[in-house]
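The values are calculated or read from the model by the stated rules, or taken from the named source; none is laboratory data. None of the values given here were measured: they were computed from a predicted structure. Here Cβ is always computed from backbone atoms with ideal geometry, including for glycine, and neighbour counts include all displayed protein chains. These accessible areas exclude ligands, DNA and RNA; they are computed on the full protein's heavy atoms, side chains included. Shrake-Rupley method; radii C 1.70, N 1.55, O 1.52, S 1.80 Å.
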Amino acid sequence: MSGLVDALAILAVAVLVITRQLGTRRMDADRRWWLLPAVLVFLALREPALLDPHHRMASAVLLTAELLIGAAIGLGWAWTTTLWRTPDGVLWSRTTRTGVAVWTVGIALRAALFGVGAVLGLRQDTSVLLLALAVTLLTRSGALVHRARSLGPVIEKSAAYGDDLPRSVKKEPV
């Protein structure tokens, strides 16, 4: 039953993430960007056997490769995402076609790793996929937040003195 729950969680997260990222969407650099990856890590680590008990070294190597691929996909996806700030200070993002290609290559690499594990006779669990997806999303989100913050300060909208001053600019005392 746990494998079915994990497979449904992976499918739900993938559908949610892909549909949200393919279009242009408003982005908030201050939101809890780490929350979804944290939930995925929790789901992955609740299973005691991330590694095959009979082939620990080979399992550890494949797990490390899976996590490195996940991090590379996250960085590549963040790098190929277009970010811009409108004059009113709203931050927008859109995944490019190259970003979709990064996802496609990542899925192919993960399938190849699964094939290597199958050839070696390793027991492979969906918790590894959940953990790798968490690393991908955490890396991508962290890189996007870093890029967004480098676009410049957010403009505060207020009706008081100093309207439209960047947050980093202090208002002079009266």
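Rolling a 1.4 Å probe over the protein chains gives Asp88 an accessible area of about 80 Å². May I ask for the distance between the Cα centers of segment 137-151 and segment 61-134, given as a whole number of Å? Rounded to whole Å, the Cα centres lie 15 Å apart. Taking amide hydrogens as placed 1.01 Å from N in the peptide plane, the amide H of Met27 sits under 5 Å from those of Leu91, Trp92, Ser93, each at least 5 positions away in sequence or on another chain.
For segment 9-119, carbon and sulfur atoms together expose 72% of the accessible surface, with a 1.4 angstrom probe and every protein chain in place.
Along segment 65-73 the Karplus relation, 6.51 cos²θ - 1.76 cosθ + 1.60 evaluated at θ = phi - 60°, assigns HN-Hα couplings of 4, 4, 5, 5, 5, x, 5, 5, 5 Hz to successive residues, with x for each Gly and Pro.
Across segment 46-55, rounded Karplus estimates of 3J(HN,Hα) from the backbone phi angles (6.51 cos²θ - 1.76 cosθ + 1.60, θ = phi - 60°) give 6, 8, x, 10, 6, 10, 5, x, 8, 9 Hz, Gly and Pro being marked x. Note on Ala101 and His146: with the Förster distance fixed at 22 Å, the Cβ-Cβ geometry gives a FRET efficiency of about 0.45. With R₀ fixed at 22 Å, the C-beta to C-beta distance from Ala112 to Val15 puts the FRET efficiency at about 0.45. Each peptide in 37-43, 68-74, 112-118 receives the mean, over its residues, of other Cβ atoms within 10 Å, and ordering these scores from highest gives 68-74, 37-43, 112-118.
Apply the a/c threshold of 1.5 to the C-alpha gyration tensor of segment 1-107 and tell me whether it is rounded, prolate or oblate. Because a/c hits 1.5 or more and a/b exceeds b/c, segment 1-107 counts as prolate.
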